[in-house]
Every structure is written in C-alpha cells, then in structure tokens.
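Contents: one structure, followed by commentary.
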Amino acid sequence: MWTVGIDVGGTFTDLYARNSATDEARTGKVLTTPRDRVLGVIGAITDAGLQPGEIGLLVHGTTTATNALIERSFPTAAMITTEGFRDVLEIGRMHREHLYRPYQTKPEPLIRRRHRHVLNERTTAQGLVETPVDLAELDRIIDRIAEDGVKSVAVCLINSYVNPSNEQAVAARVAERLPGVAVVTSAAVKPIFREHTRFSTTAVRAVLLPVMASYFERLQAVLASQNFAGKLMILKSNGGMMSVDQARTRVEELVESGPAGGIGYAAQITGMTGYRNIIHTDVGGTSFDTSIVEDGRGLITREYEIEFDVPVAVPMLDIRSIGAGGGSLGWIDAGGSLRVGPMSAGSEPGPACYGRGGTRPTITDANLVLGRLSPDLSGKFTLDHEAARKAVATLAEPLGISVEACAEGMIRIATEAMAQAVKIVLASRGRDPRDFALASFGGAGPMHACAVAAALQTPAVIVPRYSGVASAYGATRLPLKHDEEVFHFAAFGPDALPQVQARLAAIEGQAVATLVAQGAALADVLVTRVMRMRYAGQTFEVDVGQDAKAIAAGDTAALSEAFHATHAREFGVRSDDFAIEIVALAVTAEARTGEPSGADSDPPPPLSSAPPGSRPVFFNGTWTDAPVIATSAATRAEVTGPAMIEDPHTCIVVPPGWRARFDSHLNCILEVQA
Amino acid sequence: MTATPIDPVTFEVLRNTFEYVCARMTLILKKSSFSPILSENLDFSNAIYDPDLRLIGQTANCPVHLAAMHFSVQAVARKFGKDGLKPGDVVVLNDPYDGGTHINDVTLTMPVYDGDHLIGFAVSRGHWMDLGGGGPGGQGFGTHVAGEGLRLPPLKLYEGYRLNPDLLEIMLRNSRTPHYIKGDLQAHMGALLAAEEELQATARKYGRDTLLRGMGEMIQYTERIVRAAIANIPDGEYHAADYADSDGISDAKVWVRVKLTVKGTDIHVDFTGSDGQVAGAINSPYANTTAAVYTALQFFLAPDAPPNAGMFAPITLTLPDDCWLNAKWPAPVVGCTTVTSGKVQSAIWQAVAQAIPGLAIAPTCADANWFVAAVRGPGGRIDVFSDIPAGGWGGTPYNDGLSVTLDPLGNCTNMPAEAAELLYPVHVQAFDLRADSGGPGQNRGGLGARFRFRFLGGGELSIETSRTIDGSPGVNGGGSSPVQVLVQERPDGGREVIGGVRADGSWKSPLLSSHRFAPGDAFEFLSTGGGGWGPARDRDPARVLDDVLDGYITAGHARAAYGVALTPDGRSIDAAATAALRNL
C-alpha cells in the first residue's frame, strides 16, 4: 500500500507517494482546480500513476479554509450575543494597525452587523446565571436568522467560559428550530476569558464549518467512488495532523493547513544537513510563505491573527505570507513605476505562457523570457515563449526598456519583496539572517532562492530533494497532534494540586482518546502538559511546561520553580514577593504514525539519459550560454553558476558567482563561491 | 573625520534591531505588569536613546509619549550628568515640571553600557493607576498640581541594580493601589533589562562604533523622509482652532489657536493667540504640547519612517509664555495627555486640511474619554477601575473613518468586559457602536460607542472629556458628529445627564471629580464619532442603505442627513423620494 501526501495550493496540487513495501517513491503535480478542488486531488493521484484504491494513508493539506477567510467567501453566518456586546467582532481591541497612517481601515468583520443579534441574558464572572435565556425573545431572533438564509450560527455570550449553560440553551434551541444550520458555542470552541479573542475564534469556526463540511463531503464521496478504503488525515495549523472527522468540526485549526507540511519537511532538513537554523520559504503560484525552524522545530504562536485584530486562539505555526509567487502579475502604477503583485493570475487563466487565455505578464513569464525556465515544463506541456515575450512587452514598451530588462526588473522586485517578508519574521524575534540557511520550497522557489538569499546575505541555500512537492512530502512526516485546554483558576499551592491533577488527567484522557480514535497506538502517544501560571495580580499568564512526575508527586517546589524559571526566561525577572496563580491547563498529545521521521531512504533516481545541454540565459543585463543539467546528473558533480539544474518538478537557477553540490540525501546545497 | 557609511545590510539589521528592542520591551511590560491599565489598556511606551539623548526607537502605544520622553532623558542627564550614572542605575521621575507630563505617567530611565562606554539609554514610561491626589487616579481637578498626587523629581530608584527600599516605601504609602506598584516595577525592570541585553549584544556583534554610527544614520534617514514630505506641502500659512469644553473650574471654553507655517522643508507651529494658563487641570506642560504637535504632523509626513529624533528636526514651535499649552508650576495638569493633546492635534489637522485639502482627513473625537472609578467591593475594599472608551475618527478622501478607535494621541486597547468583571466589583453592560454618531459625509465619520457599567458596591467616578458642546467638525463640506453625553442611571431606571447637554437645554461640564455612585447605579458614556469628509448628499445612496441595514445609521438619519428615503419596509431605496429630497 501507498502512503500519500497531497497539498492543494493556490496554483498547483502536489503529491508525494511512497510504497512501504517496495520503498518506491513517486511525485505528482497538476494545476489546482479552484471551482472544485477535489478534481485536482484526483488528478494528482492519477498524475503519479496511482489508483485511490492503492492508498492506505492519504494525508491532505488544504488552503480552502484560508482562502475562504481571506476572500470572505463563505455562506452567510449569524451571531447571537449578549445585549450590549453586538460589536465585539467589529470594535476588536479598539486599537489600529498602523500608528500614523491616516487612511487606514480595519478588516471587514467576519459576520456582518446586520447578522449579529443581541439577547437579554447574563452570566456573572463568578458563573452565576443572573438572567436566563428568554425563549420567546430568542425565537424572534431565530425567525430573523431563518429569513436571512443563514448557514451557521455563532453563539457568543459574555462569561460563558466560566458557565456555558446559557450558551448551551441558546444553541439547543437554534439546533431544534433550524436543523441543517451549524451551531457553535464559544465555550465549546475555546473556554478562555477575554470576549474578543473567544468570539473571534468562534466566528472563524462558524463561518468555516459549512465551507469545510461540503469540501470534505465531496472529497470523501469522490475518493470512495474510486475505491479508496484507506485513512484520510488532514494537516492542521499546529504542525500535526488529524482525522477528517476531527477536521470537520475543528475547522479553525485548518488556517495554516497548507504550509504546515513544508515546515515539517524543513524540520527534517535540520536533521539531515546539520544546519540547525533554517529560514523556511515556499514560493507557490500566488503566495510566498516564510517561517523560522530552529533546532528542528517550527515556532508556535498562540497569538495568531488572520488579519489585524482578527485573532484565532489555537496554537499555530508562526508563518508569514505575502502575495508574491510565480503567478504574480507585473503592472505599472499611477506614477509610472514597475510593480509586481500582490495580484496573481492564479491557475486560471494562469501566466501568459500557459496558453490558457492569460495575456498579462507574470513572474513565470519573466523567467521564461530570460531563459531561466525550461520551455517544456515537466515535459508535459510546452510553454509559449512568444506569448510570454508579448506579455512582458506590454510593460517594457511604456517603460521604454528592453523586454529582457523589464523581465529581470520584475524578478528583482519580487525577490526583494520576499526578502523583506523574511526580514520581518526574523526581526520580530531579533534574529540575524546571516545565522541561517535558507530552505527553498515550492515549484517557483529554487528559481529565486539565491537572489532572495543574496538580498538577506544568508550564506547558504538548501533546495531539498522534494522541494517541488515539499508540503506533500512533509505531510507524510507529521505526527498526529491534538491540543486540549481548560480554564481552571486556582491559587497555586498544595491544596490546589489534587483538583489540578484531576482536571489535567481528564483533558489528557480526552486528548489521548482522540488520538487513539484516529488510529494511534496508545504506547506511541506522547503527552506534554502545560500550566498557564502567573504572579497573583498579573493579567497574562506564561505557559509553563510541567513534568508529569512532579504533578503526580504534588512536588510544589519543582512546579513553582518551573514557573519562576519560565517567567525569568521570557521577561527577565522573577520574584518571591508574590503569590502564584494557575489560570488554565493545557495538554498536547502527539503520536507518530506512518512514515518514520528522520531517515530518508528513498533510492536515488536513475541517471537521466538526456545529454547535458545548454541554452542562452539572461543575467545582470547580458545573455550568456549556460549549461542545463538534469538533477540526476548534477548529483554526481559540483555545478558552477551560471547553470540550470532541472527535473520534472523543479528548476534550480544557479546564478553567476554561486556553486551547487548535492549531499547524500540528494538535497542541493548552494553557496556563494569563495 | 569622515566615516564610511554602514553597508546597507547592516543598516537594515540595525533598523530592525532598534524596532525589535522596543517591541520586546513592550511585550514584557504588557505580559508581566500588574496594573490592568498597563496589561490590558497598554497605556505605556518604551524607547531607546543614543548617548547624546536622541531618540533612536520607540514603540508608542501612546504616540503622545513620543517626544515627551525625550524631556525625561534630558532631565535625568541634567540632574545626574552622564558621569553620575553607573550600570544598573534606574532613575524614576514623574514631575510635570521636571521631565514628566502628568503625574500618573511614571518614567524609568536606565543608562546602558558596553564595558565602560555609554551606548545609550533605555526608557520605559507607564501610566500608573494611582499615585494619590485628591481623586482616584490623580483626577482631583483642583487648582494646584499638589492635588494630583505624589510628584517625583528625577531620583535613583535603583543603584547598581539594587532597589532603594525607602523610595519604594514612599510610593507605596502614597497610592490608592499599592498592590500594583511592586509588580509594575518588576515589569518595567524586565523591559529595561531586555533593552540593556539587546543593545549590549548588538554592540558585541557589530562593534560599538558601528552601533553608534548606525544610530546617527538612522536619524538622518528619517529626517530625509520627513523633509521630502514637507517639501510636497505647498508653502504658506494655515490657521485653525479647536477648544476644550471647560477646565472643570469655570464653564468657559478653552481655545487652542494654531498657525502652521510651511516653508521649503521646514514647518513652524505657532500657538500665539491660544488661551492663557487656566485654573483647572487641563494645562499642558511644554513636553506634552510638543509631543502632541509631532504626533499630529507625523500622520501627514512620514507615517512609516523609523520613529526617531529625525522626525523632530524640521519642526519648530512657538509657545507664548502665559498659555495653557505651556504650563508653569503650580498649574494642575492631569488632563494634559487625554484632553489637551487631542485639541492640539485636532487644530493641527484642521490647519493641514487647508494646506492639502484633498489629502486631509476630518477631525476625530479628539478625546481619550479617560475615566477613573474608585469601586467599593466586598468588605469595603476599594479598588481603582479605569478605561478609555474611544470615539470615532474622521472620514478620509478614500473611506469612512475608523469606528471606536483610540484617538491618534494613543493606541491603547480597551479593557475587555470579562477581564474587568474578574478584577472589579462591576458589571460591564455595554460596549457597542452608537448609531448616527459619525459626522455625515460623502465618506462619513467613524462611529462612537455606548459604554456602560454598573457599580455593584457603589463608588465614585472622575472623568475628563470634551465635545459635549459641539461634535467633531467635518471637512470639505462634511457634517459634524453629535455631542458626547455622560449619564448616571439609578437602579429604578431614572436617568440623569451628569455631563453635557441636559433635557432642559442646560449644560454641565464633562469634567467630573469624584462623582458619587450608589450601589447598583450605572455610568453610561456616549462617545462621539469623527467628522464627515465631503458633502453627505454626495454619498452613494446604496452605501447609505447598507449603513441602515447594518444599523450604523437610522432611517431617520439617512433621510435628514443624507437625503436618502427608504421604502416602508426599510430594506430598499425609494428612488423617487430620494431624488426629491436631494434636489431640494
């Protein structure tokens, strides 16, 4: 049977497959089918010469959730909230994104004000129901919701994190009266205090539920119709995976489902190459994603915002995205300057050279014009060189420069923007790009990686063996992973521990059971425990990783020392002047399944029979004749730039002044020539 | 001596480092402080300065701290001399007349050394909940600064990283909220130590000379950007005015009058003609007025440039000697940051609107609406609850103004209702949008808010605000927003306007000092939105309909202010009636 990873990106759907019996590995790549992304999934399987019936485990990463949020393309959702709090989603935390920009606006609320309804009800901060739900009043709201054609309802009541009974009463009534409408309560999504973060996370789940339900339904139906009988797993934002049944309800955890696989791969690279600090970059058709992997782990944030002041309170890989990719369009602004992106030609119509009706120049067209991209992409269809030139000429002419100069300018602008995005990620954590190696993923990545690295002065670039299908490959290397969290307020001390132990054990049990239900062997499950603690009087907590033995033994000295040490590490100070409080408890359960991590034992590809060729390539204002070498041949000898290293899914551009060599895992390492 | 400029990559790294140092200080202060006004409202700023006392970087959750902190570092240097400080010394001050602005803004300054060499100063300023005075949070509204709390000249709170316990004891004994002070000090100290660590690491990595040169180049870089922007504004003299409703002692309006002179790449701001020093607590020390001027202009000069001393160089000021914007001891000043800065900024924006009408935006609510309440809890325990329910921003040439966003002078966040109710004996009953509160316009003002909480055990409340006589003015033919209103509601539902215009048309000053609330009484505040941009009748009727459907405006307002009539079900436009209204 085959283990298969599939990543549906903005432009391409990528596949990596490995046969556990024969060690054979295959890849596939087809254009994404935005109107029905399932077609692309099936297309990728076919492209790799596989049948769904041969797949034992299918791990799937998808950008469907992210796209729906960014484009606000989801069925109408409604919110029912406490009187006086109708605008929590819209007011946010009352601040602004840019300190001094006079014309700034804030993101459109996920649920429009006309669909946000208020109810006279109240629970106190101590959990007392002061005003119970009035069903007659609620029914009038439900009538309105029915009339508005709403597909999902977020129930977000003040103080529900401490007592969810009013929320549950509302949800029950809505479910009873509106079967077929999805209902979510904020306490069930995330029982944390501070209404804005909880309501926002709840709104994200509510708007995504119908989108993802219909996507997964269709995916499963089509796979089943083609005799798929294996397990279907979905990548999630925390860098793990979950079953499709879990994913169907925990949709807010799919926001970074796409890039998660690539970061899993980047983490594996740190083990293979000896570079401990890696800048992960992924250039797809429409976007450029970047993040940091240090010591084999992607950095996790709990303060992720989809857009400014639109938080999703789930643990997520800290990834930054900008609109720059192979499909990014070149254009001329009102001031007559050449600009690139963030708009993209996507997969339909795609770049002009695809011959699918696109006439506007993209980065891919620019690369083709300059000879950096092989005209017979993947050997599958031939790129239209003339169409690319014509498209770029539409910009070159008004600018009064040559087509080549214009194409090279477009690429320089795009790579500068990519470098800038990397700098922001590094700077926000105070890192220096010179201490990192840049790992380049995505179909369009290795064409630009050296230029981005040069702009950052990053000394080395790694193009991993499966960089062209990185997220798909990485997907097969991720563990099952599940987070649980519970609000539990207590003064820290020996008296508090029995209850803490009991509640931790309860959520630990839930988390473990969730993994086992998804196919993990109990013995493989690894649990980490976190107490959110603070000095009594503070309002924010620190996440303190706690040792299970210390918890079980009630070792207050060890537990409090862990808190003091964490506080000192994060904030530089600690004190015995203050009492300690526990605010919440959380666990993360992980289990490896499928492919073992670490070793990459895929056999090397057969030596290409194609003789090394050459073609004219434009660099730094002049044409040079540069060698074109098949990847399989390049692995056997060092390559000096300018040169192209090509295989069906990847084209590595080795600019003048750079050299490339392959390591034993067939990762390509590029360095500036000494 | 001519130094070769720093290579572009190192320059970029240093630029990011200065930003990052301040961002890290901010994160530490937010996450580890004890006062909710710091941790939830983020009413603080962190900055770094070079050895020559020039601003190098700042995260300004409160832009109005921006230039004002500069005066703090100068006061420290004046008092101790650079040679009088050692590693680990931390100087505290809050004296409005010696490096501070209002007493609640406590500033801590720490010199940073690379070996024996001074490489800069780390400065952390936070709004402390209470340092005594005649009303909670220093909002005593007397006629003498002594009534506003404990005044601290520059004093060494730490020497060689060791706390001076006597000084701490004095602060603890003079506060209504001593329980916050130790924890907040610890948080400020964490922020300063982080800056020290980061600057020292940068000096080690790139060399001290490179670091110091980078600081200088960064300032020049910002100054170039600012001057280029000024060059784009037509030369000329532009006049404008705005006012505070009252100083809380007399009912007279207090005026800011400003003349903006743009010439080449310089701007001169002249406040001659503004009112003299007033008896009440809204006088503004020089440092605060300066900060308001820079903040206001920054929006139209260099919104994205690195915030440093380069922003200040092209801008000069004239302040008359007897002026409420140039306060002298012993004038009371507690309202300077929240009331007065807004009026200075609003007047400057109106002057800018004359210089570059197509690019200007309409004035904002121009008030922070800062209230402080002493709230009585179980066992008679008194705590101090404070928040800043914002108003809206003015319409812009491109879009409607921001709704319920803290005024330009600050960028603080609100206190979440659930956080407030965990901490204090209050029920927060509403914080939502106030319909019809944006100034009508082709692009309307953003909306203000309805904010309301109930005192479970009673207490007293102080607040200082304005815009209760006129709302936020519009520009380019846009309309103004409605006035702000302060209401006290009894448990039986009886409502009384305690600030602003009452039902009988009489008016009461919106500066309230220790106003009493019985158990169960609620305080309701209706903030105003921003002014409108362009004539309201030029607004696309479809946008007006959308506003009605979303409840941003009422159907009556659509008709009266925008000349748009809706069908009886309120769901679509009555085209004929609208045409008739608009052709009147």
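So how tilted is helix A:165-177 from the main axis of chain A? Cα-based, degrees 0 to 90, rounded to 10.
For helix A:165-177, the angle is close to 70 degrees.
Explain nothing, just the number: dipole magnitude of the protein assembly as shown about its Cα centre with +1 on each Lys and Arg Cβ and -1 on each Asp and Glu Cβ, in debye rounded to the nearest 20. Mind dumping the intermediate values first?
Values: 108 positive and 138 negative charges, 145 e Å.
Dipole of the protein assembly as shown, to the nearest 20 debye: 700 debye.
Among B:G342, B:V90, A:L426, flag the residue with its Cα farthest along the positive direction of the charge dipole of the protein assembly as shown, charges on Cβ as +1 for Lys/Arg and -1 for Asp/Glu.
It is A:L426, whose Cα lies furthest towards the positive end.
Averaged over its residues, how many other protein chain Cβ atoms are within 10 Å of peptide A:103-112's Cβ atoms?
3
Compute the length gained on full extension between A:E397 and A:Q501: take 0.36 nm times their separation in residues and subtract their Cα-Cα distance, giving the result in nm to one decimal.
30.3 nm
Rounded to whole Å, give me the distance from the Cα center of the stretch A:249-296 to that of the stretch B:496-527.
Spelled out, the Cα-based centre of one part sits 56 Å from the other.
What percent do you get for the relative contact order of chain A when only Cα pairs under 8 Å and 6+ apart count?
12 percent
Using Cα pairs closer than 8 Å and at least 6 residues apart in sequence, work out the relative contact order for chain B, in percent.
12 percent
Find how many whole Å separate the alpha carbon centroid of the stretch A:1-47 from the alpha carbon centroid of the stretch A:462-502.
27 Å
I want the antiparallel fraction of DSSP beta bridges within the stretch A:72-207, as a percent rounded to 5.
Roughly 15 percent of the beta bridges in the stretch A:72-207 run antiparallel, per DSSP.
Give me a comma-separated list of calculated 3J(HN,Hα) values for the stretch B:223-229, in order, Karplus coefficients 6.51, -1.76, 1.60 applied at θ = phi - 60°, integers in Hz, x for any Gly or Pro.
Per residue, the Karplus-derived 3J(HN,Hα) values read 4, 4, 5, 5, 5, 4, 5 Hz.
Is chain B rounded, prolate or oblate when judged by the Cα gyration tensor, a ≥ b ≥ c being the square roots of its eigenvalues, rounded requiring a/c under 1.5 and prolate requiring a/b larger than b/c?
Since a/c reaches 1.5 but b/c is at least a/b, the shape of chain B is classed as oblate.
Taking amide H positions as placed 1.01 Å from N in the peptide plane, with prolines and chain starts having none, which residues 5 or more places from A:S614, or on another chain, fall under 5 Å of its amide H?
So A:S614 has HN proximity to A:V628.
Skipping prolines and chain starts, which residues have an amide H placed within reach, meaning under 5 Å, of the one on B:D432, given they are 5 or more residues away or on another chain?
B:R450
What number comes out for the charge environment of B:E524, summing +1 per Lys or Arg and -1 per Asp or Glu over other residues with Cβ under 9 Å away? Working shown, then result.
Details: positive: B:R450, B:R452, B:R495; negative: B:E489.
Here the charged neighbours net out to +2.
Ranking request for peptides B:566-576, B:372-382, B:144-154: highest mean number of other beta-carbon atoms within 10 Å first, then the rest in descending order.
Working: B:566-576: 12.4, B:372-382: 16.1, B:144-154: 20.9.
In decreasing order of mean packing, B:566-576, B:372-382, B:144-154 become B:144-154, B:372-382, B:566-576.
Put +1 on the Cβ of every Lys and Arg and -1 on every Asp and Glu Cβ in chain B; which of B:I170, B:G310, B:Y243 then has its Cα farthest towards the positive end of the dipole?
Checking the options against the dipole of chain B, the answer is B:I170.
Longer than 22 Å from Cα to Cα, which of B:K30/B:K79; B:K253/B:K508; A:K29/A:K390; A:K190/A:K481 are they? Say none if no pair is.
Checking Cα-Cα distances, B:K30/B:K79; A:K29/A:K390 exceed 22 Å.
Give me the inter-chain shielding for B:293-299: mean count of other chain Cβ atoms within 10 Å, whole number please. Write down the numbers at each step before the final one.
On the way: counts 0, 0, 2, 1, 1, 3, 6.
Mean shielding count: 2.
Mind checking the full-extension length gain between A:D376 and A:A224? Use 0.36 nm per residue of separation minus the Cα-Cα distance, one decimal, nm.
Gain in length upon complete extension: 51.2 nm.
Just checking the output field for B:417-428: average partner chain Cβ neighbours within 10 Å of each residue's Cβ?
5
Give me the distance between the Cα centres of the stretch A:507-532 and the stretch B:220-283, rounded to whole Å.
The two parts, judged by their Cα centres, are 63 Å apart.
With charges set only on the Cβ (+1 for Lys and Arg, -1 for Asp and Glu), what does the dipole of chain B come to about its Cα centre, in debye to the nearest 20?
It works out to roughly 140 debye.
In debye, nearest 20, what is the charge dipole magnitude of chain A about its Cα centre with +1 on Lys and Arg Cβ and -1 on Asp and Glu Cβ, if you could check? Before the final figure, lay out each step's value.
Numbers: 61 positive and 75 negative charges, 155 e Å.
With only Lys, Arg, Asp and Glu charged at Cβ, the dipole is about 740 debye.
So what's the net charge close to B:S246: Lys and Arg +1, Asp and Glu -1, counting the other residues with Cβ under 10 Å from its Cβ?
Taking every other residue near B:S246 into account, the sum is -2.
Determine ³J(HN,Hα), in whole Hz, for all residues of the stretch B:248-255 in sequence, where each value follows from phi through the Karplus function 6.51 cos²θ - 1.76 cosθ + 1.60 and θ = phi - 60°; x replaces Gly and Pro.
x, 9, 10, 8, 7, 5, 10, 9
Stretched out fully, how many nm does the piece from B:D546 to B:E169 gain, at 0.36 nm a residue minus the Cα gap?
Working it through step by step, the gained length comes to 129.9 nm.
222 nm [θ] for the protein assembly as shown, helices only, -39500 (n - 2.57) per DSSP H run of 4+, per residue, to 500?
Per the formula, -9500 deg cm²/dmol.
Please list the equivalent ellipsoid semi-axes of the protein assembly as shown, computed as the square roots of five times the alpha-carbon gyration tensor eigenvalues, in descending order and whole angstrom.
They are 50, 36, 33 Å, listed from largest to smallest.
Below 8 Å, C-alpha to C-alpha, sequence gap of six or more: please give me the relative contact order for the stretch B:419-560 in percent.
Here the relative contact order equals 34 percent.
Taking +1 at the Cβ of each Lys and Arg and -1 at the Cβ of each Asp and Glu, which of B:C365, B:V256, B:L301 sits farthest along the dipole of the stretch B:227-374 towards its positive end, judged by Cα position relative to the Cα centre?
B:L301
Output wanted: per-residue J couplings in Hz (rounded whole) for the stretch B:344-358, from phi through Karplus 6.51 cos²θ - 1.76 cosθ + 1.60, θ = phi - 60°, x for Gly and Pro.
Calculated HN-Hα couplings, in order: 4, 5, 5, 4, 5, 4, 5, 5, 4, 4, 6, 6, 9, x, x Hz.
Evaluate the distance, in nm, between pseudo-label points positioned 7 Å from the Cα of A:S214 and of A:E147 along their respective Cα→Cβ axes.
If labels sit at A:S214 and A:E147, their model points lie 2.5 nm apart.
FYI, it's all coordinate maths here, none of it is from the lab. Not measured: the values here are computed from a predicted model. We place every Cβ from the backbone using ideal geometry, glycine too, and count neighbours over all the protein chains shown.
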